[in-house]
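Below: the structure, in structure tokens.
Nothing in this text is a laboratory measurement; each read-out follows from the coordinates by a stated rule. Predicted, not measured: the structure shown is a model, and the values here were computed from it. Ideal geometry is used to build each Cβ from the backbone, glycine not excepted, and the neighbour counts take in all protein chains shown.
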């Protein structure tokens, strides 16, 4: 099991606490410093059952300044998230071939 985690995000910290309290072993991926590849991100999106735009944090300045109101392909959105991992909604928890978005953090309990 792994969590894509941003230590500066309160929801991500809450998700991490849920995992710590679960007793399960897990890996913490600081995705801001170790962003997923396009291939990894496509796999995560498939597990989440989301389109790329659904995983974007649209209130981030990077999005507003560079991407908002532009016609973007799914690949272009994925590329933007890989280039600017701050755009990726968080936390994401993966267990086996399942993934959940920890918004709200209680969603994480669904795959424990």
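Among 88, 18, sorting on how many other beta-carbon atoms sit within 10 Å of each Cβ, with the fewest leading, yields 18, 88. Seen against the Cα atoms of the chain and their longest principal axis, helix 74-83 is set at about 70 degrees.
Computed from Cα positions, the angle between helix 10-22 and the longest principal axis of the chain comes to roughly 30 degrees. The list (1) 14.1; (2) 13.7; (3) 15.3 gives values of Kirkwood radius over Cα pairs in Å, and only one came from this structure; which label was calculated from it? Matching the structure shown: (1).
Highest mean first, the peptides 64-70, 92-98 sorted by other C-beta atoms within 10 Å per residue fall in the order 92-98, 64-70. Quick one: Cα centre-to-centre distance for the range 68-112 and the range 37-63, in angstrom? Rounded to whole Å, the Cα centres lie 4 Å apart. What angle, in degrees between 0 and 90 and rounded to the nearest 10, separates the Cα long axis of helix 38-48 from the longest principal axis of the Cα atoms of the chain? Roughly 60 degrees, rounded to the nearest 10.
If contacts are Cα pairs under 8 angstrom and at least 6 residues apart, what is the relative contact order of the range 1-77 in percent? Reported as a whole number, the value is 25 percent.
Note on the chain: antiparallel DSSP beta bridges, both residues inside, total approximately 65 percent of the bridges counted.
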